[in-house]
Amino acid sequence: MRPAVFLDRDGTVLEEAGYLDRLERLAFFPFAIDAVRLLNRGGFAVVIITNQSGVGRAMYEEAFVIRAHQVLDERVRSAGARIDGYYYCPHHPEAEVEKYRLDCDCRKPGPGMLRQAAADLDLDLSRSFAIGDKWTDVQAGVAAGARGILVRTGYGRTSEAAPQRPVEPVIVADDLIAATAWILRNGQPSPEPRGER
Ligand SMILES: [Mg+2]
Ligand SMILES: [Zn+2]
């Protein structure tokens with residue numbers, strides 16, 4: 001079983017765009033793909049875990065989320081990096097679209113998407129990390145038995161300034177590349193062969 005790093009998408013890997021509803025608004029942070037590549041080399045599976053209640057809110061369709069992840073994946077691959085899985089939750093308890101109106105356990109802070117990924121990809125949650133710009137990202141990680149890291153990009157500074165922390169992260173990092181450096185120093189990586197790309 002491999003350890004994983006679960007990445008929140010918006011505000012962590014991609015610049016926060018409110019609700020990402022057009023491909024033209026899909027913009028990586030400049031360090032994001034380098035971070036993914038470093039985690040690949042460090043022996044971590046890398047998995048995107050994203051709440052997409054915009055689907056339930058009828059702001060865009062599920063097919064758009066899937067398309068956005070294809071585009072994202074093409075860019076990551078063409079830069080020699082690898083994302084092992086993409087999981088999104090389209091639900092919301094008050095969604096306008098009835099089939100998405102659900103108190104699910106995949107919506108972060110629930111651990112459902114992480115558990116599903118762990119089952120699909122044979123991941124060791126106890127050696128894994130969850131990184132995001134909201135406390136719900138950190139909570140989902142901890143609820144799944146992983147360790148959580150808050151980043152200051154996206155909504156991260158606002159999250160950090162909240163009077164109460166619902167859960168303790170192992171670290172608050174400036175951004176995904178800083179979080180990655182911390183994990184590679186402290187997260188007991190298991191090396192995988194390098195050099196074939
Ligand atoms: Mg986010
Ligand atoms: Zn859900």
Seminar exercise, completed: Residues in segment 44-59 that are part of a loop (DSSP other than H, G, I, E, B) and closer than 13 Å to residue 89 by Cα total 2
For this session: Among what's in segment 48-84 and is open to solvent by less than 70 Å² (accessible area, probe 1.4 Å) and β-branched (Val, Ile, Thr), pick the residue that is farthest from residue 33 (Cα to Cα).
Result: 55
Exercise. When only residues in segment 135-159 that are out of contact with any Pro (no Cβ under 9 Å at 6 or more places or on another chain) and basic (Lys, Arg) count, which is most open to solvent (accessible area, probe 1.4 Å)?
Worked result: 157
Exercise. Out of all the residues in segment 94-108, which are open to solvent by 60 Å² or more (accessible area, probe 1.4 Å) and not acidic (Asp, Glu)?
Worked result: 99, 101, 102, 107
Exercise. Considering only residues of segment 42-95 that are within 16 Å of ligand 2 (Cβ to nearest atom) and touching a Lys or Arg at 6+ places or on another chain (Cβ under 6 Å), which is farthest from residue 138 (Cα to Cα)?
Worked result: 95
Problem set entry | residue 115 open to solvent by 10 Å² or more (accessible area, probe 1.4 Å) and either in contact (Cβ under 8 Å) with a residue 40 or more places away in the chain or within 10 Å of ligand 2 (Cβ to nearest atom) (or both) | no
For this session: Look at residue 155 and say whether it is in contact with an Asp or Glu (Cβ under 6 Å, 6 or more places away or on another chain) and of a type in the set (Phe, Trp, Tyr).
Result: yes
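What residue, among those in segment 7-41 that are more than 20 Å from residue 70 (Cβ to Cβ) and open to solvent by less than 20 Å² (accessible area, probe 1.4 Å), is nearest to ligand 2 (Cβ to nearest atom)?
Applying the first criterion (more than 20 Å from residue 70 (Cβ to Cβ)) to segment 7-41 yields 11, 16, 18, 30-31, 34-35, 38-39, 41.
Imposing the further condition that a residue be open to solvent by less than 20 Å² (accessible area, probe 1.4 Å) reduces the set to 11, 35, 39.
On the way: 11: 19, 35: 26, 39: 25 Å.
That would be 11.
The values are calculated or read from the model by the stated rules, or taken from the named source; none is laboratory data. Remember, predicted model here, so these are calculated numbers, not experimental data. Neighbour counts run over all protein chains shown; Cβ positions are idealised from the backbone, glycine included. Accessible surface areas use protein heavy atoms only, side chains included; no ligands, DNA or RNA. Shrake-Rupley method; radii C 1.70, N 1.55, O 1.52, S 1.80 Å.
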